[in-house]
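The values are calculated or read from the model by the stated rules, or taken from the named source; none is laboratory data. In this text, all values refer to a predicted model and were calculated from it rather than measured experimentally. Every residue, glycine as well, gets a Cβ built from its backbone with ideal geometry; the counts of neighbours run over all protein chains shown.
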Amino acid sequence: MTLDATDNGPKDGPVEIFSHELPAKQLDPELRKARDAKVQIATISLCGCWGCNLSLLDTDEALVDLLSKVHITRSSFTDIKRIPGRIAVGLIEGGVANDENIETLEHFREHCDILIATGACAIWGGVPATRNLHGLEPCLREAYVDSPTRPAQSPPVVPHHPDIPKLTNKVYPVHEVVKIDVSIPGCPPDGRTMFKVIDDLLSGRGFSMPADYNRFD
Ligand code: SF4
């Protein structure tokens, strides 16, 4: 976004700022106090399909219960993109498939006390990791060069630009990049399981995952 110099920064020309750098409206102090008193949790989505996140939303009224105890900061649920401070519990969806995923994951680890890998993609690579069976180059060739659905008028070019995250040669499970504290299996995991694990952690209880909570739809 470009702002005129009269709005921000030096007066000798336009400056570039990011939307998250725009001044935010101050919250009502009472509301801020109540929010800050809750347990801070956050989520990130790496290379996945958003199904794990949807599964958490599927907990319906249990989610309302959870929100009485937690405040969700950085998350695609809230569209907050920065981590504002220390996070008690961080949830990860998706595997690691490009350099931006690595940077996001390492930054998340630094700021989270407990890191939870949710779902097959985060735990072992899942569906995106099927590209490991063939190698990156043959997959890109199949998708962009030899694809029977490529329009005849389109040049056979693999998209590339400095702004496009660079693909890693393999898709990695998140535990191969950072230390993970808890893994919740499934594709997607049952929302009840995620809710139970978070609730047990917040209550300081040990937790177990009943076998019937293990779900692969
Ligand atoms: Fe989607 Fe399944 Fe991967 Fe979750 S584990 S992101 S539901 S493919």
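Among the criteria (1) surrounded by 10 or more Cβ atoms within 10 Å (Cβ to Cβ); (2) part of a loop (DSSP other than H, G, I, E, B); (3) at pLDDT 95 or above, the one residue 138 does not fulfil is (2). Scanning the range 162-214 for residues that are of a type in the set (Val, Ile, Thr) and more than 14 Å from the ligand (Cβ to nearest atom) yields a count of 8.
Filtering 168, 130 for residues that are exposed (fewer than 13 other Cβ atoms within 10 Å of the Cβ) and not in a loop (DSSP other than H, G, I, E, B) leaves a single hit, 130. Quick check on my filter: what residues within the range 110-162 are over 22 Å from residue 185 (Cα atoms) and β-branched (Val, Ile, Thr)? The answer is 145, 149, 157, 158.
For the range 87-109, taking the residues that are within 16 Å of the ligand (Cβ to nearest atom) and over 17 Å from residue 184 (Cβ atoms), the one that is surrounded by the most Cβ atoms within 10 Å (Cβ to Cβ) is identified as 96. Which one is surrounded by the most Cβ atoms within 10 Å (Cβ to Cβ), of the residues in the range 29-77 that are within 12 Å of the ligand (Cβ to nearest atom) and part of a helix (DSSP H, G or I)? The qualifying residue surrounded by the most Cβ atoms within 10 Å (Cβ to Cβ) is 52. Reported count of residues in the range 16-49, each being closer than 30 Å to residue 123 by Cα and not aliphatic (A, V, I, L, M), is 7.
Name the residue that is farthest from the ligand (Cβ to nearest atom), counting only residues in the range 110-127 that are in contact with an Asp or Glu (Cβ under 8 Å, 6 or more places away or on another chain) and assigned to a strand (DSSP E or B). If we take residues in the range 110-127 being in contact with an Asp or Glu (Cβ under 8 Å, 6 or more places away or on another chain) and assigned to a strand (DSSP E or B), then 114 is farthest from the ligand (Cβ to nearest atom). When the residues of the range 197-216 are narrowed to those that are under 21 Å from the mean Cα position of the chain (by Cα) and at pLDDT below 70, which ends up farthest from residue 126 (Cα to Cα)? This residue is 215. Cβ-Cβ contacts under 7 Å between residues 6 or more apart (or on different chains), taken from a first residue in the range 4-30 that is more than 16 Å from residue 82 (Cβ to Cβ) to a second residue that is modelled with pLDDT of 75 or more, are listed as 8/17. Listed by first and then second residue, the pairs with beta-carbon distance under 8 Å, at least 6 apart or on different chains, first residue in the range 102-131 and closer than 12 Å to residue 180 by Cα, second of a type in the set (Phe, Trp, Tyr), are 115/108. Is it true that residue 92 is within 30 Å of residue 40 (Cβ to Cβ) and outside any loop (DSSP other than H, G, I, E, B)? Yes, satisfied.
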